[in-house]
Amino acid sequence: MAEPTVVSPGASRLRRARGKRSHTAIGWAFMLPFGIVFLLFTAVPIVASLATSLTDMRSTDMRTPFGVDFVALANYGTLLGDSQFLKAVLNTVVFVAVGVPLTMLVGFTLALALDSGIRRFRTTFRGLFYAPVVTNIVSVALIWQYAFNQSGTVNEVLAKLGFAGPNWLGDVHLAMPVVILLGIWRNFGTAMLLFLAGFQAVPESVLEAAAIDGAGPLRRLWSITLPLLMPTTLLVSVLLSVFFLQVFDEPYLLTDGGPLGSTESIALYTYNQFGFGNFGVSSAASYVLLVFVVVFSAVQFRLLRPRS
Amino acid sequence: MMPRRVPIPLLYAGLVVAAGLTVLPFLWVASGSLRGIGDFQSDPGAWLPSALTLDNYAKLFRTAGFGGYLANSLAVAAITVAGNVLGGALAGYALAKLEFRGKRVAFAAVMAALMMPFSATFVPQFMVTVNLGLIDTRLGVALPSLVLPISVFIVRQYAGSIPDELLEAARVDGAGELRIFRSVFLPLAGPALATTTIMSFLASWNSFIWPLIVAQQTSTYTLPVGLAATQQAAQNVTDYGLVLAGAVVVMLPVLALFGFLQRYFVQGIAATGLK
């Protein structure tokens, strides 16, 4: 680059600008591998998804994606008129409304137990409770299917206790609780870990002072630990809400959304429409979900920022 | 944390019960995978094998194609980990330690990628992959996860703790930026790269929907896809032992890794609050 070598009041500014420019090239060169993958598999798809949701694209148009017709908001209209989609929205709300608080409760209880003065085997327990999070969901779902079969392990235990067990996964009312239970089992380890980290923010001295003043364990939990833990609690609730909003694996593998669509989530609906070849409708449904997730995630990052 | 509350023995008893319930499915599947077909027919619900056998595992690899699935899973994981360590280190370092125009935009891109739900992007991702001619290839299975935003994020968080003076000293000595990255930063970045390796291996190994979409022939199936297919095929013949052995093969490597490297897993989660 041929920069004019003038000695003037602007020279230092120029030199700085040049230095910055060369850094800019280097900075973006470092960003390149991430940038390419981001462009191809996040940026382009997110725009393409929105565009697709406004067209009548079907699987047959895949190699000529620009030859489709613009249908404006017709796909979104289709969604609103599709009782199965509305059911999927309702199911997703149930997943979040039931799954998130219960997962938090289990995670919080275990974190509290691990942080109540035990020394030995603490890491072992923590590891065991976290194991479901890292376990492959296909394997786990398969175990649950066998366990909740009509003649599965759960019913066998019930039979020994003198109860006739139902066909859990084939029952319109019972399938959902089992699917949610799997979601809880799979996620409580994450909640536990984050609560354990959050407990660090509760100073021992304050708790001791309260104990000396005569506050009992429950009182200390309620009046000191919980208020000080509020940022963590918020973070965990938002994080889990994002997980449960996107719930796909659990219903797909356990029930395939059945029976009669009673466990179909929005994400699973999206996938099914893709399978039927209705790319336009599928993209529209995915955008509805995206709006939910982005709102929750934005809240999550706002909560995370002051801590990092 | 709290002085004088629940008696310690009671606490241990509760924890043991909870841990027992958590690991019960693991024990059940391990036990079932060691039972023969005849064993299942005589008593489907038994908790323990009447006789231990490795037949199911032998059958998995000899006739059920698990050798191929395992090779695919390992290859996809290797590609994914290599891409994430390299791409994550470069981008994470740049975001933490280099000043450049558009850095805020670049960081916003990482954040956007972090929160993007899979269901909102997979249809166009599939079309991109089709048009790149990578459907039914290992690279196609690995591609969308080649540089995960979480990897960039982990390295960036870690690089923030490395003092600028160290890099500045090398700069004064006349070292180029790539040289500084390679000779000063990388040797110090071990823990972050270990966490990145583990997180991206985990993501790749456990990935299910994307491989299910991209791998259309059994020759490109990864383990989870192969397991799901095996389960469907075995439903007619009720070969439970085979399917349970498959489940063990799929989950054991990650659980073993987790057992040895719990610290890095925990750091990865705690650093980001994400899976």
Amide H proximity to A:Thr55 below 5 Å, modelled H, separation 5+ or other chain, gives A:Val71
If each of A:Ser151 and B:Ala175 carries a label point 7 Å out from its Cα toward its Cβ, how far apart are those two points in nm?
6.8 nm
Taking the simple approach of a point 7 Å from Cα along Cα-to-Cβ for both A:Asp69 and B:Thr63, what is their distance in nm?
5.3 nm
Where a label projected 7 Å from the Cα of A:Ser59 along Cα→Cβ would reach, residues of region A:82-118 with amide N under 20 Å:
A:85
Take each uninterrupted DSSP H stretch in chain A, measure its Cα extent along the helix axis, and return the ones at 24 Å or beyond whose mean Kyte-Doolittle hydropathy is at least 0.5.
A:83-114, A:175-199, A:279-304
Mind pulling the angle between the C-alpha long axis of helix B:190-206 and the longest principal axis of chain B? Nearest 10 degrees, somewhere in 0 to 90.
40 degrees
Amide H to amide H under 5 Å from A:Phe121: which residues, 5+ apart in sequence or cross-chain, H placed 1.01 Å off N in plane?
none
Relative contact order, percent, of chain A when contacts are C-alpha pairs under 8 Å separated by at least 6 residues?
27 percent
May I ask you to evaluate 6.51 cos²θ - 1.76 cosθ + 1.60, the Karplus curve with θ = phi - 60°, for each residue of region B:32-41 and list the ³J(HN,Hα) values in order in whole Hz, giving x for glycine and proline?
x, 5, 9, 9, x, 4, x, 4, 5, 5
Could you run the Karplus curve 6.51 cos²θ - 1.76 cosθ + 1.60 with θ = phi - 60° over region B:146-155 and give me ³J(HN,Hα) per residue in whole Hz, x for Gly and Pro?
4, 9, 6, x, 4, 5, 4, 4, 4, 5
About the Cα centre, and with charges only on the beta carbon of Lys, Arg (+1) and Asp, Glu (-1), how big is the dipole of the protein assembly as shown? Nearest 20 debye, please.
1880 debye
Per-residue ellipticity at 222 nm for chain A, helices alone: DSSP H runs ≥ 4 residues times -39500 (n - 2.57), over residue total, nearest 500 deg cm²/dmol?
-22000 deg cm²/dmol
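Taking each residue in B:103-112, count the Cβ atoms of any other chain within 10 Å of its Cβ, then average. What number comes out? Walk me through the numbers before you get to the answer.
Details: counts 5, 0, 1, 7, 1, 0, 7, 4, 3, 6.
That average works out to 3.
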Could you tell me how far the Cα centroid of region A:201-273 sits from the Cα centroid of region B:186-217, in Å?
26 Å
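Could you compute the FRET efficiency for A:Val206 and B:Leu24, with r as their C-beta to C-beta distance and R0 at 35 Å, rounded to 0.05?
Numbers: r = 38 Å, r/R0 = 1.10.
The value I calculate is 0.35.
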Can you list which of the trypsin sites (Lys or Arg not before Pro) found in region A:98-171 are DSSP loop residues with at most 12 other C-beta atoms within 10 Å?
A:Arg119, A:Arg120
Taking the Cβ of B:Ala89 as the center, what net charge do the other residues with Cβ under 15 Å away carry, scoring Lys and Arg +1 and Asp and Glu -1?
+3
Can you list residues whose amide H is under 5 Å from A:Thr263's amide H, if they're 5+ apart or on another chain and H is modeled 1.01 Å from N?
A:Gly258
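Does chain A come out rounded, prolate or oblate by the C-alpha gyration tensor, with a ≥ b ≥ c the root eigenvalues, rounded set by a/c under 1.5 and, if not, prolate when a/b is larger than b/c and oblate if not?
Oblate shape, in that a/c is at least 1.5 and b/c is the bigger or equal ratio.
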Length gained, B:Glu165-B:Ser31, 0.36 nm per residue minus C-alpha separation, equals 42.6 nm
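If R₀ is 41 angstrom, what is the calculated FRET efficiency for the pair B:Ala13 and A:Phe276, using the beta carbon separation as r and rounding to 0.05?
Taking R0 as 41 Å, the efficiency between B:Ala13 and A:Phe276 is 0.20.
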A student applying the Cα gyration tensor rule (rounded when a/c is under 1.5; otherwise prolate if a/b is larger than b/c, oblate if not) would label region A:178-264 prolate
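Just from its helices, what would the mean residue ellipticity at 222 nm be for chain B, if runs of 4 or more DSSP H residues each count -39500 (n - 2.57) and the sum is divided by every residue, rounded to the nearest 500 deg cm²/dmol?
Working: 15 runs with 194 residues, N = 275.
After summing the helix terms and dividing by the residues of chain B, the value is -22500 deg cm²/dmol.
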Report the calculated FRET efficiency for B:Thr137 and A:Ala29 (r = Cβ-Cβ distance, R0 = 25 Å), to the nearest 0.05.
0.35
Mind checking A:124-133 for the average number of partner chain beta-carbons within 10 Å of each residue's beta-carbon?
6
With a cut-off of 8 Å between alpha carbons and a minimum separation of six or more residues, what is the relative contact order of region B:58-272 in percent?
33 percent
Where in region A:243-266 is the amide nitrogen less than 14 Å from a point lying 7 Å along the Cα-to-Cβ axis of A:Asp171?
A:259
Anisotropy class of region B:1-123 from Cα gyration tensor, a/c 1.5 cut
oblate
Neighbour net charge for B:Leu244 - beta-carbon separation under 14 angstrom, K R +1, D E -1:
-1
Region B:153-167 and region B:35-62: distance between their alpha carbon centers, rounded to Å
52 Å
Could you work out how far apart the two model spin labels at B:Ala233 and B:Leu54 are, taking each label as a point 7 Å from the Cα in the direction of the beta carbon, and quote it in nm?
2.2 nm
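Values quoted throughout were computed directly from the atomic coordinates according to the rules given, and no laboratory measurement underlies them. Everything quoted here is computed from the prediction, not taken from an experiment. Cβ: placed from backbone, ideal geometry, glycine included. Neighbour counts: every protein chain shown.
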